[in-house]
Amino acid sequence: MSTIVREVRAMQEYSRAERRAGRSIAVVPTMGALHEGHCSLIRLAREHADRVVTSIFVNPTQFAPGEDLERYPRPFERDVERASSAGADAIFAPPVEELYPAGYATNVTVDGLTSVLEGAARPTHFRGVTTIVTKLLLCTLPDVAVFGQKDGQQVAVLRRMVADLNFPVRIVVGPTVREPDGLAMSSRNVYLSERERAEAPVLYRALRLGEEAIRNGERNAAAIQNVMRGIIAEHSRGRIDYCSIADSGSLSEQAELKRDSTVMISLAVRFGTTRLIDNVIVTVP
Ligand code: AMP
C-alpha cells in the first residue's frame with residue numbers, strides 16, 4: 001500500500017529523506033477519480049525514478065464558478081487502491097486548507113499560451129493549473145514530473161513554465177489512454193448520457209481523419225478542419241468549441257502546414273453540459 005501524506009511539511013520531509021538516501025523521485029499530479037490513463041502515468045513514472053509520488057487533489061482554483069468542482073468525483077478509497085497497485089510509493093492528498101490557507105494571495109501565470117484554446121473558454125483555468133503544479137513541485141521536490149498528452153495544452157503551458165522559472169525538474173509526457181472505441185479516458189466521461197457516450201468517440205475519429213489528411217499531403221488547415229467538422233456534425237449532436245491545428249510548442253494556429261513542423265490537432269466538443277477535449281500530435285511529412 002502507498003503511504004498517504006496529508007501535510008506539506010511531511011511531504012517535503014519524505015522527499016528530502018529519499019533524496020538524501022540517493023533515490024530519485026517522480027511526481028504524477030492528479031485530481032483523483034483515477035482511471036487507466038492515470039495508472040499508465042504512474043507506471044511510466046516508475047521507469048524514470050526510484051520513488052513515485054502521486055498527488056490527489058481536486059484543485060479549486062482551476063475551476064471557474066459554475067463548473068463541476070462540487071460534483072467532481074472523489075472516490076478516495078478506490079483511488080488509493082489503484083495508485084498503490086500501479087506502483088505509487090506515496091500519495092500526497094492534502095486537504096484544501098493545507099494548500100490554500102486563509103490569507104493565500106500568490107499565483108503563477110504563463111502569458112500567451114494560456115489565452116487560446118482551453119484558455120479562451122476557461123480564462124482562469126491555467127492560472128489555477130500553473131499555481132497548483134508549482135506548489136505540488138515545491139511540496140514533492142521531484143526530479144521528474146509526469147503529465148498526460150490528453151491535456152495537450154497543459155503540457156505546452158507547463159513545459160513553458162518549467163523552462164521559464166528554471167524548475168530543476170524534467171517533464172515526461174505519457175500517451176493518451178483510450179477506451180476500446182477510441183474515446184480518451186477522462187474522469188468526466190461519467191457525466192455523459194448513454195447517447196452522448198455513444199457519440200463521443202467521434203472526437204478521436206475526427207482527429208484521426210485530420211492526421212490522415214496531413215499524412216496524405218494536405219497542407220491547408222482550413223481544408224482539414226472542414227473534414228473534421230463535417231464528420232462530427234454528421235455523427236453527433238456535439239457542439240464544437242474549437243477545432244484547432246496549432247504549433248505544438250507555441251500553440252499558434254497554422255494556416256498552411258510547414259514540412260517537418262510538429263502540430264497539435266485539438267478539439268473541444270460539448271455534449272449536453274459535458275465538454276470533452278482530445279488531441280493528436282502530428283509531425284508534418
Ligand atoms: P486529471 O486528474 O484529469 O487532472 O489528470 C491528471 C493527469 O492525468 C494529467 O496529466 C492528465 O493529462 C493525465 N490524463 C488524464 N486522462 C488521461 C488519459 N486518458 N491518458 C493519459 N493521461 C491522462
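Laboratory data are not the source of any read-out in this text; all were calculated from the coordinates shown. Keep in mind that this is a model prediction, so the values were computed, not measured. Using ideal geometry, Cβ is built from the backbone for each residue, glycine included, and neighbour counts are taken over all protein chains shown.
Remarks
- Applying a DSSP loop filter and a limit of 12 other Cβ atoms within 10 Å to the chymotrypsin sites (Phe, Trp or Tyr not before Pro) in the stretch 10-119 leaves TYR104.
- Among THR176, THR124, sorting on how many other beta-carbon atoms sit within 10 Å of each Cβ, with the fewest leading, yields THR124, THR176.
- Dipole magnitude of the stretch 217-265, debye to nearest 20 (Cβ charges: Lys/Arg +1, Asp/Glu -1, about Cα centre): 140 debye
- Only one residue of PRO65, ILE224, GLN154 has its Cα farthest out toward the positive end of the dipole of the chain, where Lys and Arg carry +1 and Asp and Glu -1 on Cβ, and that residue is GLN154.
- Debye equation applied to the C-alpha atoms of the stretch 27-162, log10 I(q)/I(0) at 0.09, 0.10, 0.15, 0.22 Å⁻¹: -0.26, -0.32, -0.75, -1.55
- Annotation for GLU7 and ALA120: the two label points, set 7 Å from Cα along the Cα-Cβ direction, are 4.7 nm apart.
- Mean ellipticity per residue at 222 nm, deg cm²/dmol - from DSSP H runs of n ≥ 4 across the chain, formula -39500 (n - 2.57): -11500 deg cm²/dmol
- Taking the C-alpha atoms only, the angle from helix 76-86 to the longest principal axis of the chain is near 90 degrees.
- Residue-span extension gain [THR283 to ARG239] - 0.36 nm each, minus C-alpha spacing: 13.1 nm
- Tail beyond 15 Å, pair distance distribution of the stretch 110-154 (Cα, percent): 49 percent
- In degrees, nearest ten, helix 221-235 long axis to first principal axis of the chain (Cα): 90 degrees
- The three principal axes of the Cα atoms in the stretch 50-101 give end-to-end lengths of 38, 22, 15 Å, sorted in falling order.
- Hull volume in cubic angstrom per residue (convex hull over the Cα atoms of the stretch 117-187): 107 Å³
- Least to most buried among SER261, SER55 (fewest other Cβ within 10 Å first): SER261, SER55
- Range in the chain, longest, excluding exposed GluC sites (Glu not before Pro) [loop by DSSP; at most 16 other beta-carbon atoms within 10 Å]: 71-217
- Largest-first ellipsoid semi-axes for the stretch 139-274, taking √(5λ) over the Cα gyration tensor eigenvalues, angstrom: 28, 22, 12
- Volume per residue that the Cα convex hull of the stretch 73-227 spans, once the total is divided by residue count, Å³: 178 Å³
- Cα gyration tensor category, rounded, prolate or oblate, for the chain with a/c compared to 1.5: prolate
- Against the chain, whose longest principal axis is taken from its Cα atoms, helix 152-164 shows a tilt of about 50°.
- Sorted largest first, extent of the stretch 172-249 alpha carbons per principal axis (Å): 36, 36, 21
- Counting beta carbons within 10 Å around each of ASP260, ASP164, ASP151, ASP247 and listing the fewest first gives the order ASP260, ASP164, ASP247, ASP151.
- Kirkwood-based shape ratio for the stretch 204-285, expressed as Rg/Rh from alpha carbons: 0.96
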